[in-house]
Amino acid sequence: MIKYLVIYEKTGTGYSAYIPDLPGCVATGKTKKMVEENIYEAIKFHLEGLREEGIPLPAQHTESEMLAFA
């Protein structure tokens, strides 16, 4: 199983999401729930396309961390 980091961003019209380790794999939605559903489908579609083309699935390279400032 491969895990990919998903980045969610609030926009002026809703939310967007992207996967740094899967360039071009993005989604949008009016709500966070919508963008979560859309990015899940986008990842599945993206990986299916790579498999069909015989391209190896990218390894996960991206990490994240939250830093708190006072």
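If a residue must be of a type in the set (Phe, Trp, Tyr) and crowded, with 17+ Cβ neighbours inside 10 Å, how many such residues does the range 1-45 contain?
Number satisfying all stated conditions: 3.
How about the range 46-61: which of its residues are part of a loop (DSSP other than H, G, I, E, B), exposed (fewer than 13 other Cβ atoms within 10 Å of the Cβ) and not aliphatic (A, V, I, L, M)?
Result: Glu53, Gly54, Pro56, His61.
Look through the range 1-37, keep the residues that are in a loop (DSSP other than H, G, I, E, B) and without any contact (Cβ under 8 Å) to a residue 12 or more places away in the chain, and return whichever of them is nearest to the chain's Cα centre (by Cα).
Only one residue tops the list, namely Pro23.
Each reported figure results from applying straightforward, stated rules to the coordinates on display, with no laboratory input. A quick note: this is a predicted structure, and the numbers were derived from the prediction, not measured. Backbone-built Cβ (ideal geometry, glycine too); neighbour counts: all protein chains shown.
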